[in-house]
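The block underneath contains the structure these notes are about, expressed in structure tokens.
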Amino acid sequence: MPIARTRLKETSTKRYDVESDKIKMGKLETNITITNLKELKNEPKAVIFEYKYNVSYPLAEPKDKKLGEITITGEVLYVGEEKEIQDLLKNWKKDKKVKGTLLARILNAAMTDAQIEAIEQSKKVGLPSPVPLLRFRGK
């Protein structure tokens, strides 16, 4: 069944002041997690997947410091058959997991929205893009 819509709920972007003569970026840490499932009691049957997307900008030097971080929460509305929705909710209550290719579809939909927003937010505060952008090279 289809993903009906995605929606961002909250964004938080922070850039920290780092007082050091030598600053070296570490490897970006990116994570996305399904945080909750909520049933919609209407027709057609649907479930809302709530997610949290996080990008952290750790520094290699000075150690144990961060240049910034971006956190985005949102939701993906998934429409399905009643049995499928009930099975999803039952499995979620049991072990907080979503199985199979559905998880990939939900995370891909969430990542698309979250990454676009994260690129915009990073530009506003002067952080590197969390997603590599295409570049042209001269000959």
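The values are calculated or read from the model by the stated rules, or taken from the named source; none is laboratory data. Owing to the predicted nature of the structure, the values given are computational and were not obtained by experimental measurement. Glycine also receives a Cβ, built like all others from the backbone with ideal geometry; neighbour counts cover every protein chain displayed.
Taking each residue of region 16-32 that is without any contact (Cβ under 8 Å) to a residue 60 or more places away in the chain and looking for partners that are acidic (Asp, Glu) and not in a loop (DSSP other than H, G, I, E, B) with beta-carbon atoms closer than 6 Å, six or more apart or interchain, yields Lys22/Glu61; Lys24/Glu61. If I filter region 53-92 down to residues being in contact (Cβ under 8 Å) with a residue 60 or more places away in the chain and among the polar types (S, T, N, Q), which single residue comes out as nearest to Arg105 (Cα to Cα)? Filtering first and then ranking leaves Thr73.
The residue that is farthest from Thr6 (Cα to Cα), counting only those in region 21-48 that are among the polar types (S, T, N, Q) and assigned to a strand (DSSP E or B), is Thr30.
Inside region 16-32, residues that are surrounded by fewer than 12 Cβ atoms within 10 Å (Cβ to Cβ) and either among the aliphatic types (A, V, I, L, M) or within 30 Å of Gln86 (Cα to Cα) (or both) make up a count of 1. I'm checking my understanding of the structure. Among residues of region 1-33 that are among the β-branched types (Val, Ile, Thr) and at pLDDT 95 or above, which one is nearest to Leu127 (Cα to Cα)? It comes out as Thr13. What do you reckon, is Glu120 closer than 17 Å to Lys9 by Cβ, modelled with pLDDT of 95 or more and crowded, with 18+ Cβ neighbours inside 10 Å? It is false that Glu120 is closer than 17 Å to Lys9 by Cβ, modelled with pLDDT of 95 or more and crowded, with 18+ Cβ neighbours inside 10 Å. Can you tell me which of (1) part of a strand (DSSP E or B); (2) surrounded by 18 or more Cβ atoms within 10 Å (Cβ to Cβ); (3) over 17 Å from the mean Cα position of the chain (by Cα); (4) not aliphatic (A, V, I, L, M) is the one Trp92 doesn't meet? The one condition Trp92 does not meet is (1). Residues that are surrounded by fewer than 19 Cβ atoms within 10 Å (Cβ to Cβ) and closer than 15 Å to Leu89 by Cα were ranked within region 47-76; the one that is nearest to the chain's Cα centre (by Cα) is Glu50. Mind checking whether some residue in region 34-52 is of a type in the set (Asp, Glu), farther than 26 Å from Lys124 by Cα and in contact (Cβ under 8 Å) with a residue 24 or more places away in the chain? Checked region 34-52: at least one residue is of a type in the set (Asp, Glu), farther than 26 Å from Lys124 by Cα and in contact (Cβ under 8 Å) with a residue 24 or more places away in the chain.
The one condition from (1) assigned to a strand (DSSP E or B); (2) surrounded by 18 or more Cβ atoms within 10 Å (Cβ to Cβ) that Val98 does not meet is (1). For region 97-128, a residue qualifies if it is farther than 22 Å from Leu28 by Cβ and without any contact (Cβ under 8 Å) to a residue 60 or more places away in the chain, and the qualifying residues are Lys97, Lys99, Gly100, Thr101, Leu102.
How many residues are in a helix (DSSP H, G or I) and either among the small types (Gly, Ala, Ser) or within 23 Å of Ile3 (Cα to Cα) (or both) if we restrict to region 101-139? Residues in region 101-139 being in a helix (DSSP H, G or I) and either among the small types (Gly, Ala, Ser) or within 23 Å of Ile3 (Cα to Cα) (or both): 19 in total.
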